[in-house]
Amino acid sequence: MVAVRVNPLLLLAGVVLLAGCDGGGGAAPSSSSAPLPGPSSSASASVSPPPAPSTSSAAPPSPSSPAAGKVVVLDPGHNGGNGSHPKEINRSVPAGRGEMKPCNTTGTSTNAGYTEHAFNFAVAKQVGEALSAKGIKVVYTRSDDSGVGPCVDRRAEIGNDANADAVVSIHADGSTSANAHGFHVAYSSPPLNAAQGAPSTALARALRDGLRSDGFATSTYIGSEGLSARSDLGGLNLSTRPTVLVECGNMRNGAEAAQMSSAPGRTHYADAIAAAIEAYLA
């Protein structure tokens, strides 16, 4: 149930600005979520070939963190140059389950114009800095907010190639449904491999519990109790590592838009996400 808001300027360029972020051109989730299984580059750059992922300069391992030495891939959704490169981001790429989807999308924004891609990148960098300080190796799927892509299949490949202990894709949603607010954590369901089973659902729970305990409300319009089973997101479908996608909130909700648009608000999100990832790794 994702609404689409068309920006006239982008329409002229053949680009649709998604009012609901789906992590890479996927369809909206159904209103009922499947039950969670129990535990068991510059703006002119092209997405082909994709840019190499950036890696944080990890701090010396902290003896107080049992997660030191683990590898985390952070995937800030979308990119700042996507909107001006419709041909590149609209080309079809594998999205898992025998499907092809657009390479990437532009993402959404607040009603005041603060973009999702900027929010995603800012929060991901703060999460990475916090994890690096604990001796965790952090790899990013993109190194700036002015490039194009990478495509969703390449984003999954970066996590797989890094042999990541956890992959977290950071997004924000853009639902125009009345009173829609709150975060949700998406995971691949039904799982296509062992990593998409118990490890990914445990990671989803860790992120959900961490955000909820830090004061963030769970979604009122997608999933159940902050968790959302998805079969249509390429970045999740193609992963062979424990992977989730966090929609931090709804950018079209006034209160959440204000929080996402402020530096303290972004830090609050980043601190909660970093702590949840560390708890999962430990």
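The values are calculated or read from the model by the stated rules, or taken from the named source; none is laboratory data. Owing to the predicted nature of the structure, the values given are computational and were not obtained by experimental measurement. No Cβ is skipped: glycine too gets one built from the backbone with ideal geometry, and neighbour counts run over all protein chains shown. The accessibility values were calculated without ligands, DNA or RNA, using every heavy atom of the protein model including side chains. Shrake-Rupley method; radii C 1.70, N 1.55, O 1.52, S 1.80 Å.
As a fraction of the 1.4 Å probe accessible area of region 112-257, surface on carbon and sulfur atoms comes out at 49 percent. Computed over region 233-282, the alpha-carbon pair-distance distribution with 10 angstrom bins reads 21, 38, 33, 7, each value a whole percent. The residues E278, E225, E157, sorted by heavy-atom accessible surface at 1.4 Å with ligands and nucleic acids left out, run E225, E157, E278 from largest to smallest.
What the phi angles of region 148-160 give under the Karplus curve with 6.51, -1.76 and 1.60, with θ = phi - 60°, is a coupling list of 10, x, x, 5, 4, 5, 5, 4, 5, 4, 4, x, 5 Hz, glycine and proline written as x.
Between the beta carbons of D271 and A217, assuming R0 = 25 Å, the FRET efficiency works out to 0.90 to the nearest 0.05. Taking the centroid of alpha carbons for each part, region 95-138 and region 228-245 are 14 Å apart.
The lysines within cross-link reach of K134, meaning a Cα-to-Cα straight distance under 29 Å and a gap of 8 or more places when in the same chain, are K70, K125. Which lysines, if any, have their Cα less than 16 Å from the Cα of K101, not counting same-chain residues under 8 positions apart? Straight-distance partners of K101: K87.
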